[in-house]
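Enquirer: Provided herewith is a single structure, encoded as structure tokens, for subsequent inquiry.
The values are calculated or read from the model by the stated rules, or taken from the named source; none is laboratory data. Remember, predicted model here, so these are calculated numbers, not experimental data. We place every Cβ from the backbone using ideal geometry, glycine too, and count neighbours over all the protein chains shown.
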Amino acid sequence: MKMTILHTETLKRWGGQQNRILSEAVGLNKRGHHAVIACHRGSMLARKSKEAGVKVYEVKMVKQAHLQTIPKLIKIIRDEVVDIVSTHSSVDSWAGGLAARLTGRRLVRFRHNLYPIGRDPLTKFIYAMPNRFIAISNAVKDVLTGGGLSSSKISVVPSSVNTERFSPDAGDIRKELDLPADAVVIGNTATFTQVKGYEYLLQAFSIIGKRYPAYLLFAGEIEERFKESKIFSHVDRSLRDKVLLLGGREDVPRVLNTIDIFVYPSFLEGLGTALLEAMIMARPVVVSDIPTFREFIEDDVNGLFFEAKNPDDLAKKVMSLLENKISRTLLGKNARSTALERFTVGDMIDLTEAQYKEVINAK
């Protein structure tokens, strides 16, 4: 049964959500389906989709342009003979959702984050339209059911990691960064946003960096509002030259191989693709103790928990690993095993494909 799926997406930046969309599109196309993407003009998703050979329609995906965007999406749906429209963000869920309904197509709404659902009439209307919701974790499903949606309409399909690209044999960038031989690198590769809790990692580094020859590395897109001055204000002045801001990188596997301890201090997270990538690269991970991560992290088995928003506890857990290389190696090995068992692209495509077929065949 060949299906044609149209994914719509609003955001211009790159992150786990956009990575999920592209991974799914590529995977479905390899299985003989036809997945196309309609996203914001000039977005990272548009560029990367073209590079991956996925058909892309670039539209003005902003709230003020709905009267232009909806007719364009309707034309795409008809021209491509789309079976299912899959939406992902707020703005495109309005445009894509209405375009799907006006053309009689099945509608699937993906939910990637933990922000609560509004109770106003317009929000209730937009959430009443989809035939199915796909949540990327049980924590996200709980948000949906807490917002009044029936659990019978919600399925959980976690995001995944490309095991071919994310290989522990990828090499590293230590020489490029001119790091001392005895330096240990603490780091993170996710997008730099407020809910990621970076200030707590920066504050923790002010403790760690005074006791160990450590560097703190960030390799993710940094939102415009996070100026360097604001970032460095959380770090002891004497350690600021040990904080490396690389920005977005195309060679994330090599960056991860450079990191000795991966820290994920997010306090509001749907799943955490960057964390899954670190795990599959066999990095020992230290993460906030929040419900999302409790779904797949077992403390002192495949990672270490620290109290969310507590830089002192975070520093303590990281330093415990700096003192014990054997523990770092074992945690990293177990983290990789967990990721390979639960978060591969093949499994994600299997589950998503099954959901789509069920939605199409439903009466």
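Enquirer: Does the stretch 333-345 hold any residues that are more than 19 Å from His34 (Cβ to Cβ) and either touching a Ser or Thr at 6+ places or on another chain (Cβ under 8 Å) or aliphatic (A, V, I, L, M) (or both), and which are they? Walk me through it before giving the result.
Expert: In the first step, residues of the stretch 333-345 are kept if they are more than 19 Å from His34 (Cβ to Cβ); the result is 333-344.
Listed by number, the residues that qualify are Ala335, Ala339, Leu340, Phe343, Thr344.
Enquirer: Inside the stretch 79-98, can you point out the residues that are over 21 Å from the mean Cα position of the chain (by Cα) and part of a helix (DSSP H, G or I)?
Expert: Residues satisfying the conditions are Asp79, Glu80, Trp94, Ala95, Gly96, Gly97, Leu98.
Enquirer: Considering each of Glu307, Glu295, Glu358 in turn, give the residue that is at pLDDT 95 or above, within 15 Å of Val156 (Cα to Cα) and under 24 Å from the mean Cα position of the chain (by Cα). Write out each step before concluding.
Expert: Values: Glu307 fails: within 15 Å of Val156 (Cα to Cα); Glu358 fails: under 24 Å from the mean Cα position of the chain (by Cα).
Step by step, each of Glu307, Glu295, Glu358 is checked, and only Glu295 is at pLDDT 95 or above, within 15 Å of Val156 (Cα to Cα) and under 24 Å from the mean Cα position of the chain (by Cα).
Enquirer: Tally up the residues in the stretch 100-120 that are under 20 Å from Val359 (Cβ atoms), among the hydrophobic types (A, V, I, L, M, F, W, C) and in contact (Cβ under 8 Å) with a residue 60 or more places away in the chain, please.
Expert: Narrowing the stretch 100-120 to residues under 20 Å from Val359 (Cβ atoms): 100-112.
Now narrow it down to the ones that are among the hydrophobic types (A, V, I, L, M, F, W, C): 100, 102, 107-108, 110.
Still in the list and also in contact (Cβ under 8 Å) with a residue 60 or more places away in the chain: 108, 110.
The total comes to 2.
Enquirer: For the stretch 333-342, give me each residue that is surrounded by 15 or more Cβ atoms within 10 Å (Cβ to Cβ) and more than 20 Å from the chain's Cα centre (by Cα).
Expert: Correct list: Asn334 only.
Enquirer: Would you mention how many residues in the stretch 149-185 are small (Gly, Ala, Ser), out of contact with any helix residue (DSSP H, G or I) (no Cβ under 6 Å at 6 or more places or on another chain) and surrounded by 13 or more Cβ atoms within 10 Å (Cβ to Cβ)?
Expert: Of the stretch 149-185, the ones small (Gly, Ala, Ser) are 150-152, 155, 159-160, 167, 170-171, 181, 183.
Remaining after also requiring out of contact with any helix residue (DSSP H, G or I) (no Cβ under 6 Å at 6 or more places or on another chain): 150, 152, 167, 181, 183.
Next, from what is left, pick out any that are surrounded by 13 or more Cβ atoms within 10 Å (Cβ to Cβ): 167, 183.
Within the stretch 149-185, residues that are small (Gly, Ala, Ser), out of contact with any helix residue (DSSP H, G or I) (no Cβ under 6 Å at 6 or more places or on another chain) and surrounded by 13 or more Cβ atoms within 10 Å (Cβ to Cβ) number 2.
Enquirer: If you don't mind, there's one more thing I want to ask. Taking Asn131 as the residue in question, decide whether it is out of contact with any helix residue (DSSP H, G or I) (no Cβ under 7 Å at 6 or more places or on another chain) and in contact (Cβ under 8 Å) with a residue 40 or more places away in the chain.
Expert: Working: out of contact with any helix residue (DSSP H, G or I) (no Cβ under 7 Å at 6 or more places or on another chain): no; in contact (Cβ under 8 Å) with a residue 40 or more places away in the chain: yes.
In short, no.
Enquirer: Taking Thr69 and the conditions (1) surrounded by 21 or more Cβ atoms within 10 Å (Cβ to Cβ); (2) in contact (Cβ under 8 Å) with a residue 40 or more places away in the chain; (3) of a type outside the set (Phe, Trp, Tyr); (4) under 20 Å from Tyr127 (Cβ atoms), which numbered condition does it fall short on, given that it satisfies the others?
Expert: Going through (1) surrounded by 21 or more Cβ atoms within 10 Å (Cβ to Cβ); (2) in contact (Cβ under 8 Å) with a residue 40 or more places away in the chain; (3) of a type outside the set (Phe, Trp, Tyr); (4) under 20 Å from Tyr127 (Cβ atoms) one by one, Thr69 breaks only (2).
Enquirer: In this structure, does Arg41 turn out to be within 25 Å of Asp350 (Cβ to Cβ) and touching a strand residue (DSSP E or B) at 6+ places or on another chain (Cβ under 8 Å)?
Expert: On the way: within 25 Å of Asp350 (Cβ to Cβ): no; touching a strand residue (DSSP E or B) at 6+ places or on another chain (Cβ under 8 Å): yes.
Answer is no for this residue.
Enquirer: Continuing with the same structure: Answer yes if at least one residue in the stretch 55-64 is aliphatic (A, V, I, L, M), part of a helix (DSSP H, G or I) and in contact with a helix residue (DSSP H, G or I) (Cβ under 7 Å, 6 or more places away or on another chain), and no otherwise. Spell out how you get there, then give the answer.
Expert: Here is the first cut: in the stretch 55-64, the ones aliphatic (A, V, I, L, M) are 56, 59, 61-62.
Checking which are part of a helix (DSSP H, G or I) leaves us with none.
No.
This table checks each residue for (1) within 23 Å of Gln17 (Cβ to Cβ); (2) more than 23 Å from the chain's Cα centre (by Cα); (3) modelled with pLDDT of 95 or more.
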{"position": "Arg237", "(1), (2), (3)": "no, yes, no"}
{"position": "Gly248", "(1), (2), (3)": "yes, no, no"}
{"position": "Leu256", "(1), (2), (3)": "yes, no, yes"}
{"position": "Leu271", "(1), (2), (3)": "yes, no, yes"}
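Enquirer: Residue check, Gly220 against (1) of a type outside the set (Phe, Trp, Tyr); (2) under 22 Å from the mean Cα position of the chain (by Cα); (3) in a helix (DSSP H, G or I); (4) at pLDDT below 90, all met but one. Which one?
Expert: Of (1) of a type outside the set (Phe, Trp, Tyr); (2) under 22 Å from the mean Cα position of the chain (by Cα); (3) in a helix (DSSP H, G or I); (4) at pLDDT below 90, only one is false for Gly220: (3).
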